[in-house]
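Q: I am attaching a structure below and will ask some questions about it afterwards.
The values are calculated or read from the model by the stated rules, or taken from the named source; none is laboratory data. Computed from a predicted model, the values in this text were never measured in an experiment. In this analysis, Cβ positions are derived from the backbone assuming ideal geometry, glycine residues included, and neighbour counts consider all displayed protein chains.
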Amino acid sequence: MDEKNISVTTEDWPPKECQIPETALGVDAGVPEPPKVNPYIKRFFKKKPALLSVDEYMAGIEAGNVTILSKAITLVESLLPAHRAVAQEIIARCQVISAKKKTMRIGITGVPGAGKSTFIEAFGSFVTSKGHKLAVLAIDPSSEKTQGSILGDKTRMETLCNDPNAFIRPSPSAGSLGGVARKTRETVLLCEAAGYDVIFIETVGVGQSETAVHSMTDFFLLLMLSGAGDDLQGIKRGIMEMSDLIAITKADGTNVDKSNMARALYANALHLFPPTESGWVPTALTSSAVTKQGLPEILKKIEDYFELVKGNGYYEKKRHEQAKYWMFESINETLRNNFYESGIIEKRLPDYIDAVMNGQLDSFMAATELMDLYRNNQ
């Protein structure tokens, strides 16, 4: 071998087959890293449907479309200022339609445990079987702490829920006077425009503010329970004076005799009250949601009442008085909304709240100063 022809460089030494790798670990190419955000997450967030036009709402309501009617009621109940103008237009147009119809608005209240929901399901099914279209506006009590409501009346009215001639709408009372939701009267107008000729308004329960129910109904039905202590002391006189009919519920089984005694007791008590302006003589009946006993008699009494008041003009007179009452209620609500939505009030109200809470300012003085601020900035 000619040593002169051999040339060795550091790059060629040691030979490649003799080189030792720096590490024995190897890394494969692998798969691409998945995105940190689930690309299908949009499926779980449905886009909020756009509001319909007033004409679309009205077309659906007049056609009896329950879905559109429910959406319109939700819009009316909304507290958002953006919904207010559309809701007012819908209410105004439904008012015109409702005024042409001779519907029956029936307020239903009763002592706790009287079985209001059970009675309404049984009696409501009986009403629809007679060819009526029924709307049930069930007012559910709201929690004073969380402001939430269960809205579970539909779950207790399974039969009525499946009735094509019945519409059930639970609404939270939200601290409203008399256990009536803030927009209940407007909801009545929408239901009447949708073709429902009988409206039930179920309240939270007996109280001293049931005039709110009386001011939006034509007939007031009071449900009582026998065998629950001193019957006449179980309810305020004021609510009995407003009642057009008292129904003793759960008059079945071993409770029949007690129910008949309670019926006689209440019937006698009703005769002690002054005569009603309508000319109607209130009375008491017994009923059972289980045996359906008494339901035909109650419906007959209600029909007799409406035949009387429509004949003597009291029906129209009471509707006009109710319209005036709710005009003032609307004024009060509008003033309240304008006050709290005022820019100066939103800005200064927290300071006044702190001052009152800390005892630095009297409550009445704080209210007076806030009203002065509101008036001076109008």
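Q: From the list 308, 299, 373, which one is surrounded by 15 or more Cβ atoms within 10 Å (Cβ to Cβ), part of a helix (DSSP H, G or I) and not assigned by TED's automatic domain parsing to the domain that holds residue 117?
A: Result of the check over 308, 299, 373: 373.
Q: Between 139, 106, which is modelled with pLDDT of 85 or more and assigned to a strand (DSSP E or B)?
A: Just a single option satisfies the conditions, and that option is 106.
Q: Can I ask one more? With in contact (Cβ under 8 Å) with a residue 24 or more places away in the chain and in a helix (DSSP H, G or I) as the only criterion, which of 331, 344 stands out?
A: Going through 331, 344 in turn, the sole match is 344.
Q: One residue is enough: does the stretch 284-296 have a residue meeting the conditions surrounded by fewer than 16 Cβ atoms within 10 Å (Cβ to Cβ), within 30 Å of residue 118 (Cα to Cα) and of a type in the set (D, E, K, R)?
A: yes
Q: Among (1) in a helix (DSSP H, G or I); (2) under 19 Å from residue 239 (Cβ atoms), which single condition is residue 254 missing?
A: Result: residue 254 fails condition (2) only.
Q: Quick one: is residue 317 surrounded by 13 or more Cβ atoms within 10 Å (Cβ to Cβ), assigned to a helix (DSSP H, G or I) and free of Cβ contacts under 8 Å to residues at least 40 places away in the same chain?
A: Yes; evaluated as a whole, the condition is true for this residue.
Q: Now a separate question. Looking at residue 113, is it touching a Phe, Trp or Tyr at 6+ places or on another chain (Cβ under 6 Å) and more than 14 Å from residue 191 (Cβ to Cβ)?
A: So residue 113 does not fit the description; no.
Q: So which of 195, 205, 238, 227 ends up being modelled with pLDDT of 80 or more, of a type in the set (Gly, Ala, Ser) and not in a strand (DSSP E or B)?
A: 195
Q: Which residues, taken from the stretch 179-192, are buried (at least 22 other Cβ atoms within 10 Å of the Cβ) and at pLDDT below 70?
A: The answer is 179, 180, 181.
Q: Could you please let me know if residue 17 is among the acidic types (Asp, Glu), at pLDDT below 70 and surrounded by fewer than 15 Cβ atoms within 10 Å (Cβ to Cβ)?
A: When the stated conditions are applied, residue 17 passes them.
Yes or no, residue by residue, for (1) assigned to a helix (DSSP H, G or I); (2) under 28 Å from residue 195 (Cα atoms); (3) charged (D, E, K, R); (4) at pLDDT 65 or above:
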{"residue": "8", "(1), (2), (3), (4)": "no, no, no, no"}
{"residue": "26", "(1), (2), (3), (4)": "no, no, no, no"}
{"residue": "33", "(1), (2), (3), (4)": "no, no, yes, yes"}
{"residue": "39", "(1), (2), (3), (4)": "no, no, no, yes"}
{"residue": "79", "(1), (2), (3), (4)": "no, yes, no, yes"}
